[in-house]
Every structure is written in structure tokens, then in C-alpha cells.
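For reference, the structure is listed below as C-alpha cells.
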Amino acid sequence: MIFDRLLVNVNAATMVPKEGNGLGIIENAAIGIKDRQIAFVGAADALPKDYQAGETTDCAAKWVTPALADCHTHLIYAGDRAAEFEKRLQGVSYEEISRAGGGILSTVRATRAASEEELYELALRRLRTMLLEGVATFEMKSGYGLDLATERKMLRVATMMRDDMGLRIQRTFLGAHALPPEYANRAVDYIDHVCNDMLPALHEEKLIDAVDGFCENIGFSRAQMEKVFKKAKELGLPVKLHAEQLSNQGGAALAAEFGALSADHIEYLDEAGVKAMAAAGTVAVLLPGAFYYLREKQTPPVDLLRKHGVPMAIATDHNPGTSPTLSLLLMLNMSCTFFRLTPEEALLGVTRNAAKALGMDDICGTLEAGKVADVVLWDIDHPRDLCYYFPRPPV
Ligand code: DI6
Ligand code: FE
């Protein structure tokens with residue numbers, strides 16, 4: 001076996017669960033990399049006798065994991081919402097701000113006004129911060145344009161970033177995020193515009209990897225989302241949904257009906273919805289940053305998700321309104337403290353299960369031969385340390 005690079009004297013959390021070893025830990029491991037792919041993972045003494053390595057790195061008995069994956073972000077936008085944060089502290093609710101034309105629509109105004117170059121620069125700065133924490137796989141949503149030109153601009157920025165940075169990036173079309181001002185009180189017409197104009201055009205331009213929506217009383221109804229999902233399926237695009245964040249709309253069950261990759265937030269999800277997700281293989285994406293920032297009280301039904309074997313992922317939901325964090329490591333910690341995940345569940349939630357939520361589990365998310373060599377070396381004594389410390393970048 002010939003490797004370009006070989007990591008030795010290292011402990012590996014492969015994230016391939018084994019009986020009694022949920023993180024698939026291999027102590028004193030070796031990892032061989034060839035052509036940017038993992039060619040060998042195993043105990044060092046299982047290395048083939050005749051191997052050759054271009055470069056060998058002694059990892060000083062520290063730990064490697066697959067690079068982390070942030071499977072739910074709104075990383076591309078202009079402006080900020082710090083003034084709204086201040087208002088909310090004075091007692092005005094997220095819903096009230098949203099109904100008064102602030103909230104998502106204020107970010108839409110700023111994003112429409114920004115050039116493609118400006119948006120790219122802003123997103124790149126955020127991305128670079130996340131890279132410092134070992135994140136190499138991202139989801140990036142549109143949804144702050146709500147018109148064809150701006151949705152296109154956002155998805156083009158995500159595409160350029162993917163191609164420039166050599167990262168794994170899923171580009172998600174979130175046209176059904178909010179009702180734009182030019183369609184005020186015309187939700188039916190807007191959904192038709194999303195389905196008949198925006199989705200087909202942007203798909204034709206090869207800018208969409210997945211389709212999302214905001215199913216909520218301040219977003220779109222289940223029936224409206226169903227229309228969008230039907231169109232997505234017609235075009236052969238996978239779907240996912242912001243579901244049950246502030247109320248139970250039956251969104252997760254709808255998403256599951258369409259074989260969704262994930263249902264995200266899900267604080268208000270009931271057991272019927274959990275069962276539907278389990279049957280469809282839909283991943284539950286938990287977003288403790290938004291839960292924290294909105295000072296929510298209701299936690300997602302983690303016990304039911306466990307009971308029915310629904311895989312759980314964790315993401316930042318980075319966005320200017322409800323989760324302005326760029327720290328996936330902090331989300332690891334919060335998923336343990338707020339949602340009572342075990343460190344093992346949390347770690348699988350930002351690796352293996354996050355990759356599954358992106359439909360990328362065949363290429364990343366675990367340390368296995370054949371996957372991309374997205375490998376992070378951490379200055380820690382045990383994988384659980386990543387959940388324990390407040391965020392610091394020990395990469
Ligand atoms: N749910 C969220 O958490 C974000 N979008 C959504 O549908 C919030 C987006 C924002 O407030 O700008
Ligand atoms: Fe979101």
C-alpha cells in the first residue's frame with residue numbers, strides 16, 4: 001500500500017459505532033491518505049507490512065475525528081439584527097417583530113441590496129471562523145432573497161465557495177422562507193411563483209442540491225409546503241423542512257411523506273411525527289442555538305427520538321435573527337446541557353448523522369476507507385472533551 005500521508009501514534013474516533021464502542025474508537029491507530037481519500041484506518045499493528053508513505057505525521061497520542069459537518073446554516077446574507085436583539089430584550093417577541101416587517105424581511109432588504117461580491121466576502125469571513133473549529137462540510141441556504149435574482153445570487157455565492165474552498169457544501173433553496181413584501185397577503189401566488197418560476201429556473205441553472213421551507217404560523221402552512229415538495233420531487237430534488245419550531249403544524253410528518261433528508265428544530269414534534277420520521281429514515285436536526293437565543297422553554301422530544309431510533313444531528317442554524325453563533329462546538333455543549341444528549345450522541349450528531357442529514361454519508365462523516373480525507377487532529381485527551389469545554393478551537 002502506498003500513501004501520500006500517514007498519521008501514526010494517534011487515537012481515532014471513527015464515528016462508526018460498534019457494540020460497546022459508540023464512537024468506533026481505535027486506540028493507537030494509523031490513518032493512511034491517498035489522493036485526498038482515506039485509504040487505510042485501523043490499528044497501527046494492522047498496517048500492511050509493505051506500506052510506503054510519502055510523509056508520516058506523529059500525532060503525539062492525540063485524537064482524530066472526521067471533520068465536523070454543520071448541516072443547517074443560513075451563512076449567506078448581508079446586514080445584522082442586533083437592534084432586534086435589543087428590542088426582544090425589552091419584551092417584544094420574535095413573532096411581533098416579524099409581523100411588523102422586521103425579522104427575516106429586514107435581512108431580505110439588506111441581502112437584495114448587496115452585490116454578489118459583498119455577499120461572498122461576508123460569508124467567507126463567517127466560513128473562515130467555522131473552519132477554525134474543524135468544520136469542513138456545510139449546508140448553505142438561500143431564503144433571504146425571496147425573488148429570483150437574489151435567490152440566484154445567494155446560491156451562486158454558495159456554489160463559488162464550494163468550488164473555491166474545496167469543501168463539501170450543500171446548496172439549499174429556501175424560497176419558502178417568508179412572504180416577500182411584493183406578495184403581502186398573497187401567499188398562494190407566492191408559492192405558485194416559487195413552484196412554477198424560481199424552482200425550475202434555479203434547478204435548470206444547476207444551483208440547487210436540496211429544497212427547504214419554513215412551516216410555521218409565521219411562515220408557510222403544511223398545504224403550501226406540500227406544493228413546494230411536490231415540485232421538488234418532480235425535479236428529482238431531495239427535501240427537508242424547518243418544522244415544529246414554535247408550534248406543531250405536522251410539518252415533520254409531511255416532510256417524512258416526501259422522504260425528507262431531515263426535519264429541523266422540532267421542539268413541538270409529537271410521537272406520530274417521530275414515528276413518521278423513523279419510517280422514512282428522516283434525520284432529526286436539533287438546533288440548540290436558536291432554542292437558546294429565543295429563550296424557548298420546550299425542548300425537542302429526545303426520548304421519543306431515541307425510542308424510535310431516529311438519528312439525531314446538531315447544527316448551528318447560523319442566521320442573523322435567531323442564532324448568530326458561528327460555533328458548532330458550542331452547539332455540541334448546548335445539545336448536552338439543554339437537550340440532555342450524551343456526549344456520544346452529540347459527537348455523532350456533528351459527524352456521521354450530520355452527513356446523513358445532507359445525504360453525504362457516502363462521502364464524509366466517518367473515518368472509513370473510501371471517504372474523503374476530511375480528518376481533524378484535536379489537542380484533547382478524549383472525544384468527550386469537545387462537548388465539555390466552552391468553545392475553543394483545539395484543532
Ligand atoms: N427558522 C430559523 O431559525 C431561521 N429561519 C427559519 O425559518 C431564522 C431566520 C431569521 O430570523 O432570519
Ligand atoms: Fe434555519
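Between Ala176, Ala100, Ala253, the residue with the greatest mean-square fluctuation in the GNM of the chain (Cα pairs under 10 Å linked by springs) is Ala100. Identify, among Pro66, Ala149, Met360, the residue whose Cα sits farthest towards the positive end of the charge dipole of the chain, taking +1 on the Cβ of Lys and Arg and -1 on the Cβ of Asp and Glu, with the dipole about the Cα centre. The one lying farthest along the dipole's positive direction is Ala149. Computed about its Cα centre, the charge dipole of the range 209-332 is approximately 120 debye, with only Lys, Arg, Asp and Glu carrying charge at their Cβ. In the chain, the inverse of the mean reciprocal separation of distinct Cα atoms equals 21.4 Å; this is its Kirkwood hydrodynamic radius. Can you spot the lysines whose alpha carbon is less than 22 Å from Lys227's alpha carbon? Ignore those fewer than 8 places along the same chain. Hits, sequence-local ones excluded: Lys141, Lys206, Lys240. Taking every DSSP bridge with both residues inside the range 1-136, close to 55 percent are antiparallel.
In a fully extended conformation the segment linking Asp197 and Thr129 would gain 20.9 nm over its present Cα-Cα distance, using 0.36 nm per residue.
Distance from the Cα centroid of the range 1-50 to that of the range 176-216 is 44 Å (rounded to whole angstrom).
Only helical runs count toward this figure. For the chain, summing -39,500 (n - 2.57) over DSSP H runs of n ≥ 4 and dividing by all residues gives -10000 deg cm²/dmol at 222 nm. Summing +1 for each Lys or Arg and -1 for each Asp or Glu among the other residues whose beta-carbon sits under 9 angstrom from that of Pro300 gives -2. Based on Cα contacts under 8 Å between residues 6+ apart, the range 209-289 shows a relative contact order of 26 percent. About the centre of its Cα atoms, the chain shows a dipole size close to 280 debye [charges on the beta carbon of Lys, Arg (+1) and Asp, Glu (-1) only; nearest 20 debye].
Normalised by the number of residues in the chain, the mean separation of alpha-carbon contacts (under 8 Å, six or more apart) gives a relative contact order of 19 percent. Kirkwood's formula applied to the C-alpha pairs of the range 20-138 gives a hydrodynamic radius of 19.0 angstrom.
Looking at the range 1-125, the accessible area is 49 square angstrom per residue; that uses a 1.4 Å probe and ignores ligands, DNA and RNA. Working from Cα positions, state the angle (0 to 90°, nearest 10) between the long axis of helix 328-337 and the longest principal axis of the chain. For 328-337 against the chain, the angle is about 80 degrees. For a straight C-alpha distance cut-off of 15 angstrom, the aspartates and glutamates reachable from Lys87 (same-chain residues fewer than eight places away being disregarded) are Glu95, Glu96.
Rolling a 1.4 Å probe over the protein heavy atoms of the chain, with every protein chain left in place, gives an accessible area that is 50 percent carbon and sulfur. Rounded to the nearest 20, the Cβ-based charge dipole of the range 1-159 about its Cα centre (Lys and Arg +1, Asp and Glu -1) stands at 360 debye.
What whole-number distance in Å separates the alpha-carbon centres of the range 348-385 and the range 217-294? Taking the Cα centre of each part, the range 348-385 and the range 217-294 sit 24 Å apart. Accessible area per residue was computed with a 1.4 Å probe on protein heavy atoms; Arg128 scores about 140 Å².
Considering only Thr351, Leu23, His308, and ranking their Cα positions along the charge dipole of the chain that arises from unit charges at the beta-carbon of Lys, Arg, Asp and Glu, the one farthest toward the positive end is His308. Sorting the segments 55-63, 336-344 by their mean number of nearby beta carbons within 10 angstrom, highest to lowest, gives 336-344, 55-63. The lysines within cross-link reach of Lys371, meaning a Cα-to-Cα straight distance under 18 Å and a gap of 8 or more places when in the same chain, are Lys34, Lys356.
Applying 1/(1 + (r/R0)^6) with R0 = 45 Å to the Cβ-Cβ distance of Asp303 and Ala46 gives a FRET efficiency near 0.70.
The values are calculated or read from the model by the stated rules, or taken from the named source; none is laboratory data. In this text the structure is predicted, and so the values were computed from the model without any measurement. As a convention, Cβ positions derive from the backbone with ideal geometry for all residues, glycine included, and neighbour counts pool all protein chains shown. SASA here: full protein model, heavy atoms, side chains in, ligands and nucleic acids out. Shrake-Rupley method; radii C 1.70, N 1.55, O 1.52, S 1.80 Å.
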